[in-house]
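What follows is one structure encoded as structure tokens, with my remarks underneath.
Every read-out reported here was derived from the displayed coordinates using simple, explicitly stated rules and does not represent laboratory data. Bear in mind that the values here come from a model prediction, so they are computed numbers and not experimental data. Please note: Cβ atoms are built from the backbone with ideal geometry, for glycine as well, and neighbour counts cover all protein chains shown.
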Amino acid sequence: MGRDAPAAGAALAPPMPRDERARALAEALVADPTDGRSLDAWGRAVGASGRTLARLFVAEAGMPFARWRTNARLARGLRLLANGHAIGRVAHEVGYTSSSAFVAAFRREIGTTPSRYFGAGTADRARSEGLEPHRRTPRHV
């Protein structure tokens, strides 16, 4: 099982800012969505104030930084879920402290739970977004 399916989550990935400082932050979070640093801490790392970064995310990515980070985490989470990883593992790997926090963010941003998203009723939509639901082999008892 691959770590990330190439197309999964691509339709939901947030836009990358153009400014080199904001882009460096965005690329670092895409690489490690568990990094929970504040905008002020990121600002010190990339050479900008937290306020400047906040303005850049709204102006160049079209959304506040907190929402951008959530969408980046969910895009990675979708790829992992599409590969058949358990929700608890996915939540941890994308920076959430609990499965319920991940499911709440998923529901708020995507409009349904991960289980329903990848269920029979949404298989066509998942495929149309490049998120082929993982098919488990039935267990023989």
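A few comments on the model shown:
- Order by protection proxy (mean Cβ within 10 Å, highest first), peptides 17-25, 106-114: 17-25, 106-114
- Sorted peptide list for 96-103, 29-36, criterion being average Cβ within 10 angstrom, highest first: 96-103, 29-36
- Where the alpha-carbon atoms of the range 17-62 are placed on the principal axes, they occupy 24, 18, 15 Å, in descending order.
- For the peptides 58-66, 86-94, the ranking by packing is 86-94, 58-66, with the highest mean count of neighbouring Cβ atoms within 10 Å listed first.
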